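Derivation of every value follows stated rules applied to the coordinates shown; laboratory data play no part. Owing to the predicted nature of the structure, the values given are computational and were not obtained by experimental measurement. Cβ sites come from the backbone with ideal geometry, for glycine too, and all protein chains shown count toward neighbours.
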Amino acid sequence: MRKFVIKGNICYSKSINELCITQDGYVVCEDGICTGVYKKLPEHYEILPFYDYTDKIIIPGFTDLHIHAPQYPFRGFGMDLELIGWLNAHTFPEEAKYSDIEYAQNAYSIFTTDLLNSATTRACVFGTIHIPATILLMEKLDNAGIKAYVGKVNMDRNSPEYLCEKNAEQAFKDTEQWIKDSARFENVKPILTPRFIPACSDSLMEKLSVLQKKYQLPVQSHLSENTEEIQWVKELCPGTAFYGEAYNKYGLFGNGFPAIMAHCIHSNEDEINLIKEQNVFVAHCPESNTNLSSGIAPIRAYLNLGINTGLGTDIAAGSSLSVFKAMAMAIQCSKLRWRLQDQSLAPLGIKEVFYMATKGGGKFFGKTGSFEKGYEFDAVIIDDSTIKHPYKLNTMERLERLVYLAEDKNIVAKFVNGKKLFERTVSN
Ligand code: GUN
Ligand code: FE
């Protein structure tokens, strides 16, 4: 049933500065697409099936623009190092375990169940270098009804022997096989995923560029996250003026194909200009920025320039799957950045982070992340009655405190493209 009406307190972004709230309103879904938000339901819709979520908060689902599924088991620990040390000590040993399909089966079941229970409806996900485990992850997300781009990770240099593709030729063959194997999914699509420049040889990048053109694939990777990493890229790619060029020279930085670069914390002016020019999406991962002591990305500057910007949890450099938490931390990090680093960039507020979590990141999937007419109908229904309060709050106040206080148990129903994934009641 993908034709229905929902009643409740409806909140959605039209733009970075425009957060629309219709208290006791109606939102209509027809064939998986949103056809309007109304204060009074037009008569001709009265015959449609009706979900009464009066007094609940209704928001579009969140897009998590950057998350590593295989890192979920070590979220919340191993935060004692910066990026390169952290990858070697914690990340690579964990990702190597996914050569064992039974381990992957167990770990990816836990991941998928938790993601389903969150407010996330769409995600751009890193897997590992392993084909069977990555296909299994895609199958689980597909069955759960979550819309996702999932990438088999590519890495063929500067990586431990136990987690390194044999050579560029083998990586090319494996990646093409994986692309073909992943064609059968309905909700989940492949995305090319060179891990980051230090782990990808020139020859591998050339071959990925061939695959991109042949199969018309989007790309996701990491960019300018850590100063030591940037210095390393400079040494590895002597002909490039800045990090982004090392992707761009292979056409893997936009160039007519959708691309997401996570972090962009230390991007210089030329790199920022290229991000803008090539319509590259920036995935801002504030919890990761702090846990790995990488720095804080200048998100206000990116928004001012009209760069496509969304939020990522970056599990396990981020500890939480919650995009609510990413929103709160984006505000908090921007305040510290403003106070301690650069007072020309004002802190972010609720409107901006809500936009990034919904319509901003959702844009990577097309028309998603809003209840404007013509958008795919993704909705999360929130019952905040467990968060007691001594007086009655208005919808805006309730939405704002949810950013800081929402737990998965408050999410009582979730719809993706008009399909209901679950419905439950909140328990104290
Ligand atoms: N750069 C390369 N790989 C990774 C990763 O797994 N996590 C983060 N945060 N940065 C990376
Ligand atoms: Fe990451």
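Okay, here's what the table says:
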{"item": "Sequence-distant residues sharing a close amide H with Ala241 (under 5 Å, placed H)", "result": "none"}
{"item": "Between region 1-24 and region 173-214, the Cα center-to-center distance that results, in Å", "result": "37 Å"}
{"item": "Global form of region 268-375, assessed from the alpha-carbon gyration tensor, a/c cut-off 1.5", "result": "oblate"}
{"item": "Angle between the chain longest axis and helix 202-215 axis [Cα atoms, degrees, rounded to 10]", "result": "40 degrees"}
{"item": "Pairwise label distance in nanometres, Glu423 with Leu405, each label 7 Å out on the Cα-Cβ vector", "result": "2.7 nm"}
{"item": "Of Lys351/Lys388; Lys152/Lys409; Lys388/Lys419; Lys14/Lys214, those spanning more than 29 Å from alpha-carbon to alpha-carbon", "result": "Lys152/Lys409; Lys388/Lys419; Lys14/Lys214"}
{"item": "In degrees, nearest ten, helix 323-340 long axis to first principal axis of the chain (Cα)", "result": "70 degrees"}
{"item": "Cross-link reach list, aspartates and glutamates versus Lys367, counting only Cα pairs under 19 Å and skipping chain neighbours closer than eight places", "result": "Glu18, Glu30, Asp31, Asp64, Glu186, Glu352, Glu376, Asp378"}
{"item": "Degrees separating the helix 227-236 axis from the principal Cα axis of the chain, which is the longest one", "result": "40 degrees"}
{"item": "Packing-based ranking, highest mean first, of 366-378, 21-33 given that Cβ atoms within 10 Å are counted", "result": "366-378, 21-33"}
{"item": "Sequence ranges 286-298, 98-110, 245-257, ranked by mean other-Cβ count within 10 angstrom, highest first", "result": "286-298, 245-257, 98-110"}
